[in-house]
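Worksheet for the structure shown next.
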Amino acid sequence: MAEVLTDERIAAVLRPFVRATAPVLQALREADPLRLRRRFRGGDEVTAEPPPEPQEFDPAEEPSEEEHPGGKSAGGQEDPGEPGRLDRLMRRLDSMQLPGSSAWDAMTIDQRCDWWARRVGRFLALLAGLPNFGGVITSRLPIRNALGTVGQGLVLSAIASEHGVHDQAHQVRLIAEVVLDRALPRTVAEGTGTGAREHDDERTAELTEELEASRREHGRPTSAAVANTVWRMARTLWEIDSELDKRPQGRFHHEAIGSVPVLGVVGGYLGERSALRRVARHGSKWLRRNPPPAV
């Protein structure tokens, strides 16, 4: 007989989970591997003009092969009328809608929420869809639901943050209701008492251990540290595995494709993408209906 999970048990698992989403999302939000912020807004040499309007990178518009990096012609002479190829490439990257770019800073809240749901959702949906590779048998593995729930929880936490909602108890209620169909009272989501706080602190430290170690060693969380943290978050959600079946899933035709060996990964991916879009839409509606309490 399946264990009956109380609201308190659900909240006890979700509170450390929500706290762990914050550094994961912060690592993604601050990701600036090409140092676009420093190059265009931090006093670097290229600050004379604003970046171009948001656009997709088009290699056809790049300088011809006769022009060398640094704005030099084939003869080796400086071409003062043209910026260097590297500078032009960096400006194009800065115009793309990625965290750290000028285009990102200019995006509206709805546009950023859409970005989290679509762009980041693709990677998370692929991870959650991989267990479908073996068809109907492997698609029933607990890891699929756990990874899928991590993805949906991360996207919801990101959307809440873009809406200016940083109250962790409110995010716990958001994820519980949108993903697990559980309406948690505010007092339960908060987790009152010294014992609850100590438990939450300990579990959060376990989940984010590799992120903190990576930041100390490298000055920032590495991709491997982020991936391992996502895996730890999935393992945590296994504790409420019986509730994870309630989360938004793909449509019937996605499930049909997902039951076919090898092709199952395609069905799993498409199903998770479809579910993530619904989660993002319902999450935004929930936040509008349920504003956080005034501080």
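FYI, it's all coordinate maths here, none of it is from the lab. Bear in mind the structure is a predicted one, so any value in this text is a computation, not a measurement. Every residue, glycine among them, receives a Cβ derived from its backbone with ideal geometry; neighbour counts consider all protein chains shown.
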Subject >> Inter-label distance, nm, simple model (7 Å from Cα along the C-beta direction), H218/Q111 >> reply: 3.0 nm
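Kirkwood Rh and Cα-based Rg: tell me the resulting Rg over Rh for the range 159-241, rounded to two decimals. Walk me through the numbers on the way to the answer.
Values: Rg = 14.6 Å, Rh = 14.5 Å.
Over the Cα atoms of the range 159-241, Rg/Rh equals 1.01.
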